[in-house]
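Every read-out reported here was derived from the displayed coordinates using simple, explicitly stated rules and does not represent laboratory data. Remember, predicted model here, so these are calculated numbers, not experimental data. Because the Cβ atoms are built from the backbone with ideal geometry, glycine has one as well, and the counts that use them run over all protein chains shown.
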C-alpha cells in the first residue's frame with residue numbers, strides 16, 4: 001500500500017509540474033500575443049518579427065523558475081550583443097540591396113561561426129543569437145533595398161525584448177515561481193524518500209525469511225529511481241537559486257546548497273541496497289540477535305530524526321540523542337567474517353555507520369564561517385557572470401562544432417531561400433534554435449523535431465479552423481496543447497527536442513494574424529523545416545564520419561584506462577586528501593557516464609551497411625563499470641574512515657607494522673585485476689583480428705604466450721581458486737590486524753572491522769565484475785570477427801608484441 005501511495009504521489013506531482021509549466025508558458029505566450037496582436041500600432045510597428053518573440057519565450061520559460069528566467073534574460077542580452085550588433089555593422093557596410101541567396105547564406109554562416117566558436121558562452125545565448133542572425137539577414141534579403149540597415153536589426157531586438165519581458169511577467173504572476181521554494185520542496189521529498197528507503201532496508205536486514213527480505217528490497221528499489229530524479233532536479237536548480245538572491249533578499253536562509261549534502265545520504269543508502277542485494281545466505285542474518293535487533297530499531301529512529309532535522313528542510317530543531325549510546329551495540333562487532341558470503345551484511349553495517357556520520361554532519365546548523373563562504377561564493381558568481389561578457393575563450397576543440405553549425409545554417413538558409421524567398425528563414429530558424437552543446441543522435445533528434453513540428457503545425461491549423469470566427473480567443477486552444485507538450489518533453493519518445501518543436505509549431509500558427517490561409521503557411525513551414533533538418537543531417541554525415549558505435553569503443557577504452565588508474569591508487573598507507581579521492585572518482589564517473597551517452601546514441605543509430613551495434617553486450621559492460629565505480633567509492637570511504645579512526649589513534653610504528661600485510665594483499669589484488677583491466681583496454685580497440693595477424697606476419701614477430709609477458713587473465717578452473725586464495729588471505733590478515741590493535745577502544749576496533757570488511761567486499765565485487773567485463777569484451781570481439789577464434793590472452797599478447805616492436809624501431813632510429 002505504501003508503494004502504491006508513493007507512486008500515486010509521484011504521478012500527482014508530475015501532473016502538477018506539467019500543469020504549472022504549461023500555465024507559465026501559456027501566460028508568457030498570451031502576453032506576447034496581446035502585445036503583438038492587439039497592441040498600439042506604433043508599438044506593433046517596432047516588433048517586426050513577433051514569431052521570434054514566441055521562440056524566445058519557449059527557449060527561456062520552458063520548465064523554468066524565476067532564477068532560470070532571470071538567467072535567461074541575461075543570456076538574451078548577451079546574445080543580442082553577439083547577434084544584433086555585428087549585424088547592424090555588416091548591413092550598414094554591405095547594404096541590403098546587394099544581398100542574394102548565396103551572399104545571405106555566407107553572411108549567416110560567417111556570423112554563426114563567430115557566435116558558436118567561444119567556449120564560455122551559454123547554449124541559450126548561442127541559440128537566441130543564431131535565431132536573430134537568421135531573421136536579420138534573411139528578412140533583409142527578402143525586403144531588399146527597402147530594409148533599413150540600422151532599424152531593421154533593432155526591430156528584431158525589440159521582438160526579442162518582448163519575449164524576455166513576457167517571460168519575467170509570467171514567472172512573477174500571479175505569484176513568483178522561485179527556485180529556492182522548488183529546491184526546498186524537492187529536498188523535503190527526497191529526505192522523505194530516503195527515510196522510507198532506509199526503513200525498508202532496515203526491515204529487510206532484520207527479516208525472518210528470504211521472501212519477506214526480497215519483497216522489502218524490491219519495494220526500496222522502486223523508490224530509488226524517484227530519489228535519483230529528485231536529486232538530479234535539485235542539482236539542476238542550484239545556479240538558478242543564486243540568480244534569485246538579489247531580488248529576493250529576505251529568502252536568503254533558503255539559499256543553502258543542499259545538493260552535495262543530500263548526495264551524502266544517497267551514497268550510504270546505495271551501499272545498503274548493494275549489501276542486501278548481494279547477500280546470498282538464508283535469512284535471518286546469522287549475526288543478528290535479540291539485543292542487536294532492538295538496537296537497530298533505536299538506530300533507525302535516531303537516523304530518521306537526524307535526517308528530519310536538516311536545516312534546509314525544516315526550521316524546527318529536534319532534540320539530540322547520544323549517538324554513541326545508540327550505536328554502542330555495533331561496537332561488539334570486532335571481528336572479520338570468515339566467509340565471503342557474510343561480507344554483504346558487514347557492508348550494510350558499514351554504510352549504516354557511514355549514514356549516521358553523514359546525517360550528523362548534515363543536521364549541523366550553518367555557522368558564521370559557512371555563511372561567509374557562502375557570501376564569497378555569491379560574489380564570485382556575479383564576478384564570473386561579468387567576466388563571461390568581457391572575456392571570450394576560444395578553444396581549438398570548438399573549431400569543428402562551430403564550422404558544422406555555420407555550414408548547416410548557411411546551407412539551410414541558401415536552399416530555403418531558393419525554394420521560397422518569402423519563407424526562407426523557416427529553414428534556418430529550426431537549425432539555429434536547436435543547436436546542441438554536444439554530440440547527439442542525429443537521425444533520432446531530426447526525426448522527433450520533424451514529427452513535433454508537424455504535430456504542432458497540424459494542431460495550430462485545426463485550432464484556427466475551430467476558432468475561425470473568434471480570433472481574439474483562439475489562444476485559449478493553446479492551453480491543453482501546452483499541457484500535452486509538457487508530457488511530450490518528459491517522454492522518452494520525443495524528449496526536449498520533439499516537445500519544444502511541437503510547442504513552437506502550434507504557437508506560430510495560432511499567434512499569427514493577416515499572413516494568409518493557415519494551411520498554406522503550415523505547408524510552407526513544414527517544407528522549409530524539412531529542408532533545414534536535411535541540411536543539418538547532411539553536414540553531420542559529411543563532417544562527423546565517426547559513428548557513435550565507433551566512439552563507444554574509444555570511450556570504453558578511456559573508461560577502462562581511468563578504472564585501471566583508480567584501482568592502482570587503492571592503498572592503506574597513502575594518505576591522500578579527501579579532495580584528491582573525489583577528483584579521481586569524479587573523472588572515472590564522468591568517463592562511464594560518457595560511455596552511457598554514446599551507447600544510447602549508438603542504439604538509435606541506423607545500421608545502413610554497417611555491422612549492427614551489439615547493444616545488449618555493451619549494456620552489460622556499462623552495468624559492470626557502474627558497479628565498479630560504486631565499489632571504488634565505498635572502498636575510498638572505508639579507507640578514509642580507517643585512517644581517521646585507527647591511523648590517528650594507534651602508534652605510528654604499530655600502524656605501519658600491522659597494515660603492511662594488508663597492503664601486500666592489496667598489491668596482489670591490484671596486479672591481478674589491474675593487469676586484466678589494462679589488457680581489456682588494449683583489446684577493446686581492436687577492429688579486425690585478421691588485420692592484426694597480417695601486421696604480426698609482416699613484421700615477422702614471434703609470440704611466446706608462456707613467457708610471462710602476457711597479461712594475467714583469470715581463466716579456466718584456476719579462476720575461482722585464485723580469487724578464493726586472495727580473499728581468504730586478506731581476511732586472515734584483517735583478523736591479525738584487529739588482534740594487533742586489541743588494546744584500543746571498542747569503538748575504534750569496531751569501526752576498523754567494518755571498514756576492512758567493506759574493503760574486502762569491494763575487492764570481491766571488483767574481481768567478480770572483472771570477469772563479467774572479460775566475457776562481454778570477448779563476446780564483442782567475436783561479434784566483430786565471426787570467422788576468427790577469439791582468445792583474449794593471445795590477442796593482448798599480439799598487441800603488446802607490436803607495441804614493443806614499434807618502440808624498438810623508434811629507439812634504433814633515434
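Tabulated data
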read-out: Label-point gap, in nm, between residue 604 and residue 644 - each point 7 angstrom along Cα→Cβ; value: 4.2
read-out: Calculated on alpha-carbon atoms, Rg and Dmax of the stretch 171-226 in Å; value: 17.0, 56
read-out: Cα extents of the stretch 42-145 along the three principal axes, largest first (Å); value: 44, 38, 19
read-out: Pairwise FRET efficiency - residue 685 versus residue 42, Cβ, R0 = 60 Å, nearest 0.05; value: 0.35
read-out: From the C-alpha gyration tensor of the stretch 12-61, square roots of 5λ in Å; value: 28, 11, 5
read-out: Peptides ranked, highest mean first, by Cβ atoms within 10 Å: ranges 130-139, 564-573; value: 130-139, 564-573
read-out: Cβ-Cβ FRET estimate between residue 745 and residue 668, R0 fixed at 35 Å, reported to 0.05; value: 0.65
read-out: Rh (Kirkwood; distinct C-alpha pairs) - the stretch 97-235, Å; value: 20.3
